[in-house]
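First up is the structure itself, then whatever we jot down about it.
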Amino acid sequence: MENLLTLFYEHREFIFLIIVSIFLGIEVISNVPAVLHTPLMSGANAIHGVVIIGSIIIMLQADPENYLALILGFLAVILGTLNVVGGFVVTNRMLEMFKKKEK
Amino acid sequence: MTEILGLSLLEAGYLVASVTFILGLKMLSSPDKARKGNLIAGYGMGLAIVVTLLFKEELSSDKWLNYTLIIAGLLIGTLIGMRMAVKVKMTAMPQMVSFFNGMGGACAAVISIVEFNHVQHGAAVDTGMMVVIVLGLIIGSVSFAGSMVAYGKLEGKVADKALPAGQMINILLLLAILVVGALMVASAEPQPNLLYILLAISLMYGVLFVMPIGGADMPVVISLLNSFTGVAAAFGGFLYGNQAMLTGGILVGSAGTILTVLMCTAMNRSLTNVIIGSFGGGGSAVRGDGVQGNIKEITATDAAILMAYASKVSVVPGYGLAVAQAQHTVHNLEKLLADKGVDMTYAIHPVAGRMPGHMNVLLAEADVPYPKLLEMEAANDDMSNTDVVLVIGANDVVNPAAENDPSSPIYGMPIVDVLKAKHVIVMKRSMGKGYAGIENELFFHEKNSMLFGDAKDSLEKLISEIKAL
């Protein structure tokens, strides 16, 4: 119990940030027209690719002798990059078509 | 001085990245700014990656292997990701999104495994950190396994299957995940065996959770898994005290959840119902008897005459249009009819296809003008002035059972009210059922005629018949 309380106290700023972000996320997309649902989902998909930062941090901190961590971290970097690059490129391709038709 | 400079640049980079994520999401909600929004978020992501590489840790020469692997991983991921994203057909977009989503989930799960490994090798066991590691692992692996199954199903490689006691098993697995997770957090020493067990049951739950869900629910599931991965990324942010990961992840988590809820509402289903997974799979809720009656077939010639002499035609597209790759053909039909003075619009049901907005993206690819795409409510208001409705490869979204049959699994879902129009022509390959696996009494209605065949072939025939008139 005390551990959890410590967790709460030590990370109070993050918890604050989390709660505010939740409301922000809801607010930001609440007016999206159905036309843009797919690109929005795809764009959001690319944004959670930010998890790649975690995999880079792992690799930066890993002991060069710890091969298991290096191999797993390497795998994580590839997976995260796939998410980021694939996500943004796919979204851009979808939106390109919307743009063309506006002309 | 230099150290504080690097750290400040690092945090400033994360701050800018977080802002670009918020702006990007915001701009993605408006048609003319969406593309710019996506690019802005992309640049923000690039910035976050660069500052992490440069300033997160002091560069040291004995870590050359680490740096090489990071750069190699970034390059490999970029090459493969680009290749897949550029090559994928517009019709296969939903499964592509699901695939990339799975990659993010897997990344989060692997991060948790490595962090656990660190704890095992001496880092102090802190209950709080263990909670975060365990949650990241669970959510990441459920999201990965679920996304891969969703990908396989949309790709047609995995069939809908429901285990006999599927719901029971899913609930038991969830309980098992909670128990094992709690044990890991509670134990004083790191327990690698528990970690592997937790990984295994989380993956299994991901698979079994998506397995029985029918195509009608697939958009909801992908959106839900998307927000799962967001939450998993946020746990990573918590782990490293990283604001960019935290804001990015939580934003996607909450925005994705709202999108999921919006989609559930459009289908009149509760989220719990989708999560426990019953619809469209086992057939327990599906009536066996079905609707009987006579169906009327129409030839392409008759259909062409009907349409060419109409003043208003409405097209209800569905997944069949995507499968037949008929988006360009239908646009040609629209242009041809416009030359003849016939006003043709498209009635877009929010869940037509396999993803929300799927039809919009598909038709946008064929350069169909934006104002021609009517959202369901607008289309329904117009329906009584419409002469001919052409249903192309859609089924459940025009099924009147949603309005008048309380025993139907789709009862209560708003539909495109095609029967208000004077004539309905349904283009279909066969009398097969829709993705939800239920009969459609529309097909037997006196106003309706069936035009059997592949959507693209039928449309081409229609076009040549209209030209010949």
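Here are the numbers for this structure:
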| quantity | calculated |
| --- | --- |
| Filtered chymotrypsin sites (Phe, Trp or Tyr not before Pro), the stretch B:393-469: DSSP coil and at most 16 other beta carbons within 10 Å | B:411 |
| Fewest-first ranking of B:3, A:27, using other Cβ atoms within 10 Å as the exposure measure | B:3, A:27 |
| Cβ-defined net charge surrounding residue B:374, 12 Å radius [Lys, Arg +1; Asp, Glu -1] | -3 |
| FRET efficiency for residue B:171 and residue B:452, using Cβ-Cβ distance with R0 set to 41 Å, rounded to 0.05 | 0.40 |
| 10 Å Cβ neighbours from other chains, averaged over peptide B:367-377 | 2 |
| Other protein chain Cβ atoms within 10 Å, averaged over every residue that makes up A:58-71 | 6 |
| Aspartates and glutamates whose Cα lies under 20 Å from that of residue B:87, excluding same-chain neighbours fewer than 8 positions away | A:96, B:155, B:365, B:367 |
| GluC sites (Glu not before Pro) lying in DSSP loop within the stretch B:400-469, provided at most 16 other Cβ fall within 10 Å | B:446 |
| Entries in B:428/B:461; B:153/B:456; B:89/B:456; B:33/B:89; B:372/B:461 that, when Cα-Cα distance is taken, lie over 19 Å | B:153/B:456; B:33/B:89; B:372/B:461 |
| Relative packing of B:183-196, B:249-262, B:20-33, which averages over residues the other C-beta atoms within 10 Å, highest first | B:249-262, B:20-33, B:183-196 |
| Trypsin sites (Lys or Arg not before Pro) within the stretch B:65-127, DSSP loop, no more than 16 other Cβ atoms inside 10 Å | B:89 |
| Inter-centroid distance (Cα atoms) of the stretch A:43-58 relative to the stretch B:62-82, Å | 15 |
| Proximal aspartates and glutamates relative to residue B:26, as straight alpha-carbon distance under 13 Å, when same-chain residues fewer than 8 apart are discounted | A:27 |
| Average beta-carbon neighbours from other chains, 10 Å sphere, peptide B:11-24 | 2 |
| Chain B: relative contact order in percent, alpha carbon pairs under 8 Å with at least 6 residues between | 14 |
| Hits among aspartates and glutamates - C-alpha to C-alpha of residue B:467 under 16 Å, sequence gap 8 or more where chains match | B:302, B:334, B:339, B:457 |
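Coordinate-derived values only; no laboratory data. Since we're looking at a predicted model, the values are computed, not measured. Counting neighbours? That spans all protein chains shown, and the Cβs are built from the backbone with ideal geometry, glycine included.
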